[in-house]
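Just so you know, all these numbers are worked out from the coordinates, no wet-lab data involved. Since we're looking at a predicted model, the values are computed, not measured. With ideal geometry, Cβ positions are generated from the backbone for all residues, glycine too; neighbour counts draw on all protein chains shown.
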Amino acid sequence: MLIRIHPDNPDDRNIQRVVDCLQDGGIVVYPTDTVYGIGCDITNRAAVEKILRFKDINTKKTNLSFICYDLSQISDYVKPIDNSIFKLMKRNLPGPFTFILEANNNVPKLFKNNKRTVGIRIPDNRIICKIVEALGNPVLSTSVKCDEDDEDEYITDPELIEERRSYIADIVIDGGIGGYMGSTVVDCTSGEPEILRQGKGELIE
């Protein structure tokens, strides 16, 4: 199902339709400030496992990420953050970054790799942030792209995404044409931030 939501003024009715879907264990394709993502409520194990199989993700070796709607929600899922790291995040979020942090016990076991770390995103995108806020739980964050042969138009155009991903996604949100460059990944677990992958975001240190 394709649902069009205005990126600057998301209407509450359609936001609630997406939230209801996520609460029922549904999988949603959504816009961010980088690429279109595919995700679910992180507390729904069956939905998370379905996406992991779809993306062929090994949770022991891969940092899983999820979307929060603000910094206060992040603090519910990670161990206490050093003040300098908190200020770094505050300068750069919302924005096209994934911050790797130490997970606390509120993070579902599926999200914890061998290092017990997790990736956190607060995209500069009103649609997904409103969804997460209304849901009350973070949403799994992974790119809709699952094949290196996927052409850019098939991961940036929501109508084409719906054609290719309708077999797994219950809802595809049309929030406009998306990007094709992922977020900048910043590891903050050693005290000194380290850029693991340079993506769309230019980190303000």
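What to note about this one:
- Any hit, region 107-125, residues being buried (at least 18 other Cβ atoms within 10 Å of the Cβ), in contact with an Asp or Glu (Cβ under 9 Å, 6 or more places away or on another chain) and among the polar types (S, T, N, Q): yes
- Test set (1) surrounded by 19 or more Cβ atoms within 10 Å (Cβ to Cβ); (2) assigned to a strand (DSSP E or B) - ILE161 fails condition number: (2)
- Look at (1) surrounded by 18 or more Cβ atoms within 10 Å (Cβ to Cβ); (2) part of a loop (DSSP other than H, G, I, E, B); (3) more than 15 Å from the chain's Cα centre (by Cα) and you find that ASN9 fails only one, number (1).
- Exactly one residue out of ASP33, ASP12 is over 21 Å from ARG165 (Cβ atoms), of a type in the set (Asp, Glu) and out of contact with any helix residue (DSSP H, G or I) (no Cβ under 6 Å at 6 or more places or on another chain), and it is ASP12.
- Residue ranges of strands (runs of 3 or more DSSP E) in region 48-155 with at least 1 members more than 12 Å from the chain's Cα centre (by Cα) and within 23 Å of LYS200 (Cβ to Cβ): 97-102, 117-121
- Considering (1) among the hydrophobic types (A, V, I, L, M, F, W, C); (2) crowded, with 16+ Cβ neighbours inside 10 Å; (3) under 20 Å from GLY178 (Cβ atoms), the lone condition that ILE42 does not fulfil carries the number (3).
- Within region 179-202, one or more residues are over 30 Å from HIS6 (Cβ atoms), touching a residue at least 60 places away in the same chain (Cβ under 8 Å) and surrounded by fewer than 16 Cβ atoms within 10 Å (Cβ to Cβ).
- THR142 under 22 Å from ILE27 (Cβ atoms) and either in contact with a helix residue (DSSP H, G or I) (Cβ under 6 Å, 6 or more places away or on another chain) or surrounded by 20 or more Cβ atoms within 10 Å (Cβ to Cβ) (or both): yes
- Matching residues, region 55-78, being surrounded by 13 or more Cβ atoms within 10 Å (Cβ to Cβ) and free of Cβ contacts under 8 Å to residues at least 40 places away in the same chain: SER75
- Any chance ASN14 is polar (S, T, N, Q), in a helix (DSSP H, G or I) and either in contact with a strand residue (DSSP E or B) (Cβ under 8 Å, 6 or more places away or on another chain) or loosely packed, with under 15 Cβ neighbours inside 10 Å (or both): yes
- Qualifying residue in region 96-104 (condition: polar (S, T, N, Q), within 23 Å of ASN63 (Cα to Cα) and surrounded by 18 or more Cβ atoms within 10 Å (Cβ to Cβ)): yes
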